[in-house]
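The values are calculated or read from the model by the stated rules, or taken from the named source; none is laboratory data. Keep in mind the model is a prediction, meaning the values are calculated, not measured. FYI the Cβ positions are ideal-geometry reconstructions off the backbone, even for glycines, and counts take in every protein chain you see.
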Amino acid sequence: MALQSSMRWRYLKEGFFFGLVRLSAFVITAALGGLLFYIFFNGLGAISWGFLTLPPTDSMTKGGIMPAILGTVYLTLGAIAIALPLGITSAIYLTEYARQGPLVRVIRIGVNCLAGVPSIVFGLFGLGLFVVFLQFGSCILSGALTLGILILPTIIGASEEALKGVPQTFREASLALGVSKWQTIYRIVLPSAMPGILTGSILGIGRAAGETAPIMFTAAAFFTAKLPSSIFDEVMALPFHIYVLATAGTHIEATRPIQFGTVLVLVGLVLVVDLVAIIIRSTIRKRKRW
Amino acid sequence: MEDNRVIKTKDVNFYYGKFRALTDISMDFEKNRVTALIGPSGCGKSTLLRLLNRMNDLIDGTRVEGEVLFEGKNIYDPEVDPVEIRRRIGMVFQKPNPFPKSIFSNITYGPRLAGLSDRVELEALAEQSLKQAVLWDEVKDILGQSAMMLSGGQQQRLCIARALAMKPDVLLMDEPTSALDPISTAKIEELIQDLKRQYTIIIVTHNMQQAARISDKTGFFYIGKLIEYSATEKIFTRPDVKQTEDYITGRFG
Ligand SMILES: Nc1ncnc2c1ncn2[C@@H]1O[C@H](COP(=O)(O)OP(=O)(O)OP(=O)(O)O)[C@@H](O)[C@H]1O
Ligand SMILES: [Mg+2]
């Protein structure tokens, strides 16, 4: 009798917590869906072929946002090109080579702290180092470097997790065959970790595309109809363009549809990046399964 | 130098940090013989085995005292390259650990990175190694398939074939049959008997019958010490030390 009632109590409890978990999953999905729907609903009207392929006209109240799209693509690709190799090699050093001790722990804490630093701080750092001290000026290179540093902690963290997830037995099997440590990492460990590294890096990539503060002083132009011809040119960028239209323009209300259109394009761009990463990941995973 | 003792350890102590896992091990391993290492769990058998091809280097904070001579040279000399040692002293692990690659790539991975690139030679080597490991007939039509699809016993024989493909002089085996069914076990034991004509084999096992069946010499370990080491037949019929007898007859405790 007592047993039965305690069983019932347990089922009740289990049902309650399961319901709670389900509810929170539902809330999150609904919030995300609502957000996307809101952006889509408001932004879709502005989207046209011209919007995507033409530069802004009439003090940015008309025309398209092509230079900003291009600028964001350049900046994001640049940031990835800088942060991915650097982040992966740092992670390899930290997990595979460095003797696990106080020094490595300090480095790890530092990396984690870096991930929590507000992005405007990176913007000022980039301004000080790349724009002023190294005299790159406000340009794609400075912006990409700043964004690269911004997303570096994310990529290091993701890569470390992925590398640690590779079974130690793979390393042992390879080393026991008289294969050098570097070859083992390059041929066995990295390929096995790659899906994880890419998954984790998606977050960083999305962040690089969407950040405003780091590029405000280092790369982004208020307006330029001229397309960049080298990495030393200033560019427009989607997040900064949205910021400008929504706060600094003279026709804030009138450009609402363009603002939403730009937001939609930015979100779409980030989703495309994610999708590409997911596809790469799943093809690698299909090839290497264990 | 007419010496058939390929590996000799001299007064070896081994430490994991402050913990001494092996004490004063002096032991010779003979060429073209099977040597079995037996003893209760945690007595240091795997530690000793991994010491012989410097696999313990991978663990932070370990320390070796004494000498491990391979063909007369101390493999722990600073100028010795552990990679070179591992090429000549192969290892098969307790749990089958194939790479998540095709069967063919598993076998050819080592030789390829050692510089062999000719496709025909690689194919011949793969066939030869797989035949040696008595796996060829089962996999010859599926060489391109992932090694992860094989059964545990097949995977273990693949790992043996992979080690053999490097043409090592010595083969270290750490409980190679502990995860296998009797049929696979019998196949691998037969294989070991065959292999000793070309290789020197050192095998850790918890299976007394197995040690008695396949080995020429047996060493009994207890808490990091080599208690008794002599011909297998002697160890299993009239051991000198009471502890050995107790362990072999199952009266240990
Ligand atoms: N990586 C390690 N770090 C610290 N101590 C270890 C490590 N590996 C093994 N040891 C210790 O060293 C001793 C010997 O371990 P070892 O693995 O060599 O035993 P074994 O004889 O192979 O046992 P088993 O038959 O269970 O495999 C044990 O007391 C174990 O706790
Ligand atoms: Mg062991």
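Residue-level check: of (1) surrounded by fewer than 12 Cβ atoms within 10 Å (Cβ to Cβ); (2) more than 16 Å from A:Pro257 (Cβ to Cβ), A:Gly50 misses just (2). Of the candidates B:Asn32, B:Asn97, B:Asn74, B:Asn13, the single residue that is over 17 Å from the mean Cα position of the chain (by Cα), of a type in the set (S, T, N, Q) and away from ligand 1 (no atom under 15 Å from the Cβ) is B:Asn74. Considering A:Thr76, A:Thr95, A:Thr72, A:Thr89, which residue is among the polar types (S, T, N, Q) and either at positive phi or surrounded by fewer than 16 Cβ atoms within 10 Å (Cβ to Cβ) (or both)? Result of the check over A:Thr76, A:Thr95, A:Thr72, A:Thr89: A:Thr89.
Can you tell me which residue is farthest from the other protein chains (Cβ to nearest Cβ) among those in the range A:172-192 that are more than 16 Å from B:Met166 (Cα to Cα) and either touching a strand residue (DSSP E or B) at 6+ places or on another chain (Cβ under 7 Å) or β-branched (Val, Ile, Thr) (or both)? Top of the filtered list is A:Ile185. Once the range B:144-164 is narrowed to residues that are in contact with a strand residue (DSSP E or B) (Cβ under 9 Å, 6 or more places away or on another chain) and buried (at least 19 other Cβ atoms within 10 Å of the Cβ), the residue that is nearest to B:Ser184 (Cα to Cα) is B:Gln156. Looking across the range B:77-93, the residues that are crowded, with 18+ Cβ neighbours inside 10 Å and either more than 14 Å from chain A (Cβ to nearest Cβ) or touching a residue at least 60 places away in the same chain (Cβ under 8 Å) (or both) come down to B:Arg87, B:Ile89, B:Gly90, B:Met91, B:Val92, B:Phe93. Here A:Leu103 clears all of (1) buried (at least 21 other Cβ atoms within 10 Å of the Cβ); (2) within 14 Å of chain B (Cβ to nearest Cβ) except the condition numbered (1).
Table: residues versus (1) within 16 Å of ligand 2 (Cβ to nearest atom); (2) under 24 Å from B:Ala161 (Cα atoms); (3) surrounded by fewer than 18 Cβ atoms within 10 Å (Cβ to Cβ); (4) not β-branched (Val, Ile, Thr).
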{"position": "B:Ala186", "(1), (2), (3), (4)": "no, yes, yes, yes"}
{"position": "B:Ile202", "(1), (2), (3), (4)": "yes, yes, no, no"}
{"position": "B:Thr205", "(1), (2), (3), (4)": "yes, yes, no, no"}
{"position": "B:Gln209", "(1), (2), (3), (4)": "no, no, yes, yes"}
{"position": "B:Phe221", "(1), (2), (3), (4)": "yes, no, no, yes"}
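Screening the range B:34-88 for residues that are part of a strand (DSSP E or B) and among the β-branched types (Val, Ile, Thr) and picking the one that is farthest from B:Asp194 (Cα to Cα) gives B:Thr62. What is the number of the single condition among (1) farther than 21 Å from B:Glu190 by Cβ; (2) within 16 Å of ligand 2 (Cβ to nearest atom) that B:Lys101 does not meet? The single condition B:Lys101 does not satisfy is (2). Scanning the range A:142-171 for residues that are within 7 Å of chain B (Cβ to nearest Cβ) and either aromatic (Phe, Trp, Tyr) or touching a helix residue (DSSP H, G or I) at 6+ places or on another chain (Cβ under 8 Å) (or both) turns up just one, A:Phe170. Suppose the filter is out of contact with any Gly (no Cβ under 6 Å at 6 or more places or on another chain), within 14 Å of chain A (Cβ to nearest Cβ) and among the small types (Gly, Ala, Ser); does B:Gly153 pass it? Answer is no for this residue. Exactly one residue out of B:Leu171, B:Leu226, B:Leu191 is more than 14 Å from chain A (Cβ to nearest Cβ) and touching a Leu at 6+ places or on another chain (Cβ under 9 Å), and it is B:Leu226.
Within this structure, B:Thr108 fails the test of being of a type in the set (Val, Ile, Thr) and within 16 Å of ligand 2 (Cβ to nearest atom). No other residue among A:Phe232, A:Phe240 is at negative phi and within 21 Å of the chain's Cα centre (by Cα) apart from A:Phe240. Scanning the range B:10-19 for residues that are under 30 Å from B:Arg197 (Cβ atoms) and either out of contact with any helix residue (DSSP H, G or I) (no Cβ under 8 Å at 6 or more places or on another chain) or among the acidic types (Asp, Glu) (or both) gives a single hit, B:Lys10. Listed conditions (1) more than 22 Å from B:Glu138 (Cβ to Cβ); (2) facing chain A (nearest Cβ under 9 Å); (3) in a helix (DSSP H, G or I) are all met by B:Gly110, apart from (1). When you look at B:Ala133, is it within 16 Å of ligand 1 (Cβ to nearest atom), of a type in the set (A, V, I, L, M), away from chain A (no Cβ under 14 Å) and surrounded by 23 or more Cβ atoms within 10 Å (Cβ to Cβ), yes or no? Spelling it out, it is not the case that B:Ala133 is within 16 Å of ligand 1 (Cβ to nearest atom), of a type in the set (A, V, I, L, M), away from chain A (no Cβ under 14 Å) and surrounded by 23 or more Cβ atoms within 10 Å (Cβ to Cβ). Of B:Leu51, B:Leu58, B:Leu69, B:Leu37, all but one fail to be facing chain A (nearest Cβ under 8 Å) and of a type in the set (A, V, I, L, M, F, W, C); the exception is B:Leu58. Applying the condition of being assigned to a loop (DSSP other than H, G, I, E, B) and under 25 Å from A:Thr184 (Cβ atoms) to the range A:74-127 and asking which residue is modelled with the highest pLDDT yields A:Ala98.
One line per residue, one yes/no per condition, for (1) at pLDDT below 90; (2) within 17 Å of B:Val92 (Cα to Cα); (3) not charged (D, E, K, R):
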residue: B:Ile188; (1), (2), (3): yes, yes, yes
residue: B:Gln193; (1), (2), (3): no, yes, yes
residue: B:Ile201; (1), (2), (3): no, yes, yes
residue: B:Gln209; (1), (2), (3): no, no, yes
residue: B:Ala212; (1), (2), (3): no, no, yes
residue: B:Phe220; (1), (2), (3): no, no, yes
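Filtering the range B:45-55 to residues that are near ligand 1 (Cβ under 8 Å from one of its atoms) and in contact with a helix residue (DSSP H, G or I) (Cβ under 9 Å, 6 or more places away or on another chain) leaves B:Thr47, B:Leu49, B:Arg50. Residues in the range B:165-178 that are among the aliphatic types (A, V, I, L, M) and either within 13 Å of ligand 2 (Cβ to nearest atom) or farther than 28 Å from B:Tyr222 by Cα (or both): B:Ala165, B:Met166, B:Leu172, B:Met173. Among the residues of the range B:6-40, which ones are buried (at least 21 other Cβ atoms within 10 Å of the Cβ) and within 16 Å of ligand 2 (Cβ to nearest atom)? Within the range B:6-40, B:Phe14, B:Leu22, B:Ile25, B:Thr35, B:Ala36, B:Leu37, B:Ile38, B:Gly39 qualify.
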